[in-house]
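Below is one structure, written out as structure tokens; comments come after it.
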Amino acid sequence: MFTNLVKAGSRLNKTNNNANASLVYTKRFLNIHEYQAQRMMKGFGIDVPKGNVAETPEEAEKIAEVLGGQDLVIKAQVLAGGRGKGIFTTSKLKGGVHLCSSPTQIKDLATKMLGQTLVTKQTGPEGKIVHQVYIAERHFLRKEMYFAILMDRKAGGPVMVASPEGGMDIEAVARDNPSAIYKEPIDIMTGIRPEQTKRLAEKLGFSPKNIAKAQDQMAKLYQLFLKNDCTLVEINPLAETATGEVMCMDAKLNFDDNAQFRHKEIFDLRDKSQEDAREVKASEYDLNYIGLDGNIGCLVNGAGLAMATMDIIKHYGGNPANFLDVGGGATQKQVTEAIKLISSDPKVKSILVNIFGGIMKCDIIALGIIAAVRELSIKTPLVVRLQGTNVEYAKKIMEESGLRIIAADNLDEAAQKSVRIAEIVALAEQAELDVSFKLPI
Ligand code: GDP
Ligand code: MN
């Protein structure tokens, strides 16, 4: 996916863990599986290969037989792109998409995919588990192109993005050959103009007799985008087949969470098995959580403070393990759950609490922290920087608790301490030392 183009709608880019990445984590855009997307597309008259989804190798084999037995493709269903070039962690099978020529071969590949973890360049090193495989009829592709409709901040509305160089390396095209990417902003009031889709279809290199067909597919994709409150419709590849058809071979659909109330049946498709388990848990308590790759857990309130905290941790040479935003009006219970969640992550070596108590009072936060540390006998050292309403009272409560909570007066001091402690704890663990000694700070 063009992460640079859909930044406004994307989550914090986990592989590019830096403070400049866009942090729009209060928005979640629902992502659905390819087989679900293809069904939805069919309903809009969009041409997709025939196919069906299977959860067992036997089902996969049966579907292959029904589809005609030859010229098939099997595709691992995970909520991440780059499957074609992915790798399965335990079976070591290469590729989450395979062209096949018999039901036996489909069954064999399904056995190697189902229940396994697929790692692609979009999943992160932990990969995603495959619970379903999609079996579809295979087409001979004369040309693979890229087509997407997405919400673009700069254009202030939807934009069609297309490239004749579709297929598996579209990110490389965006990077190395941006002039091969064409854009057409859509006027949301008047809709797509035929000359726009014509221009794109010609630039994509469809053969003359297929221009109108391609235009028709684009217009229908826009209808789907509009009617379902999508933030992204991405077809890669959009293909011209050897038999002269225009087909959407793959699909990625994202939906605007703000429109959830209008699309219950779509939002029921949410597959939590594909999401970060920690993020799912956080959402149960209405907390905004983002898992990152470092070792300092961060509990903050507000997106601005999250960014500042991330910057300052990096400034002092540390790396955040996550961001957990309890928001403006969190309860003591939420703070307790937040601390539990952060400390349950084995990567976390120290926790930095950086809260500005306004609507949410500092003493409430202190009580939440103390409750969590007591309840779970949390060993992870906590550095706490509170500012705002009732801060003195909050400090007193923490001091009197007798727990190992390290208070800091300002953010610099707090960040330095949390970075230092994380380093010490990590070293101590490596040396298999008990880390519950009094830290030399
Ligand atoms: P992705 O890697 O997750 O984007 O998965 P895709 O569904 O896009 O499949 C990866 C690649 O497999 C595509 O770019 C195509 O080159 C190829 N592919 C998928 N389906 C077919 C098919 O029916 N016929 C042929 N020839 N190639 C296909
Ligand atoms: Mn694809």
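Does anyone have the angle between helix 211-227 and the longest principal axis of the chain? Alpha-carbon axes, 0 to 90°, nearest 10?
For helix 211-227, the angle is close to 30 degrees.
When only Cα pairs under 8 Å and 6 or more residues apart are kept, what is the percent relative contact order across the stretch 261-403?
Numbers: 248 pairs, mean separation 31.5, N = 143.
Once divided by the residue count of the stretch 261-403, the mean separation gives 22 percent.
With label points built 7 Å along Cα→Cβ from the Cα atoms of Lys50 and Ile129, find their separation and express it in nm.
Calculated label separation equals 3.4 nm.
For the chain, what is the calculated [θ] at 222 nm in deg cm²/dmol (nearest 500), taking -39500 (n - 2.57) for each run of four or more DSSP H residues and dividing by its residue count?
-10500 deg cm²/dmol
My understanding is that a pair violates if its Cα-Cα distance is over 29 Å; which of Lys128/Lys220; Lys75/Lys143; Lys281/Lys314; Lys75/Lys272 do that in this structure?
Numbers: Lys128/Lys220 31 Å; Lys75/Lys143 20 Å; Lys281/Lys314 27 Å; Lys75/Lys272 20 Å.
Exceeds cut-off: Lys128/Lys220.
For a Förster distance of 30 Å, can you work out the FRET efficiency between the beta-carbons of Leu141 and Asp345, rounded to the nearest 0.05? Don't jump to the answer; show the numbers that get you there.
On the way: r = 43 Å, r/R0 = 1.44.
About 0.10, to the nearest 0.05.
In a shell of Cβ-Cβ distance under 12 Å around Gln70, excluding Gln70 itself, what net charge do Lys and Arg (+1) and Asp and Glu (-1) give?
Neighbourhood net charge equals -2.
Multiplying the sequence separation of Glu400 and Asp286 by 0.36 nm and subtracting their Cα-Cα distance, what value in nm do you get? Don't skip to the answer; put the middle values down first.
Working: separation 114, 0.36 × 114 = 41.04 nm, distance 3.00 nm.
Here the segment from Glu400 to Asp286 would lengthen by 38.0 nm.
Over all alpha-carbon pairs of the stretch 247-377, lay out the pair-distance distribution in 10 Å bins, whole %, shortest bin first.
Going out from 0 Å in 10 Å bins, the stretch 247-377 shows 11, 37, 30, 16, 4, 1 percent.
With loop defined by DSSP as not H, G, I, E or B, and exposure as at most 12 other Cβ atoms within 10 Å, which is the longest segment of the chain clear of exposed chymotrypsin sites (Phe, Trp or Tyr not before Pro)?
Segment 141-436 is the longest.
How many percent of DSSP beta bridges within the stretch 272-370 run antiparallel, rounded to 5?
Within the stretch 272-370, antiparallel bridges account for around 35 percent of the total.
Tilt of helix 332-343 relative to the longest C-alpha principal axis of the chain, in degrees (0 to 90, nearest 10)?
It works out to around 70 degrees.
Rg to Rh for the stretch 63-210: what is it, with Cα atoms only and Rh by Kirkwood?
Using only Cα positions, Rg/Rh for the stretch 63-210 is 1.05.
Could you list Met218, Met307, Met160 in order of exposure, starting from the residue whose Cβ has the fewest other Cβ atoms within 10 Å?
Result, fewest neighbours first: Met307, Met160, Met218.
Would you mind telling me the antiparallel percentage of the DSSP bridges in the chain, rounded to 5?
75 percent
Contour minus end-to-end for Lys94 and Met307, with contour as 0.36 nm per residue of separation and end-to-end as the Cα-Cα distance?
72.9 nm
Can you work out the FRET efficiency for the pair Thr190 and Gln70, with r the C-beta to C-beta distance and R0 = 45 Å, to the nearest 0.05?
Working: r = 46 Å, r/R0 = 1.02.
Result of the calculation: an efficiency of 0.45.
Going by how many other beta carbons lie within 10 Å of each one, how would you line up Ser273, Ser163, Ser91, fewest first?
Ordered from fewest to most neighbouring Cβ atoms within 10 Å, Ser273, Ser163, Ser91 come out as Ser273, Ser91, Ser163.
For the stretch 307-393, what value does the Rg/Rh ratio take when both radii are computed over Cα atoms and Rh is the Kirkwood radius, given to two decimals?
0.95
Apply 1/(1 + (r/R0)^6) to the Cβ-Cβ distance of Ala242 and Ala428, taking R0 = 51 Å, and write down the FRET efficiency to the nearest 0.05.
Numbers: r = 63 Å, r/R0 = 1.24.
Efficiency for this residue pair is about 0.20.
Percent antiparallel among DSSP beta bridges with both residues in the stretch 288-441, to the nearest 5?
If I count the DSSP bridges inside the stretch 288-441, around 20 percent turn out antiparallel.
For all pairs of alpha-carbon atoms in the chain, what percent lies in each bin of width 20 Å, listed from the first bin to the last filled one?
In whole percents, the pair-distance histogram is 23, 47, 26, 4, 0.
Bear in mind these aren't lab numbers, they're just calculated from the coordinates by the rules spelled out. Given the structure is predicted, the values throughout are model-derived calculations rather than measurements. Reconstructed Cβ throughout: ideal geometry from the backbone, glycine too, with neighbour counts over all protein chains shown.
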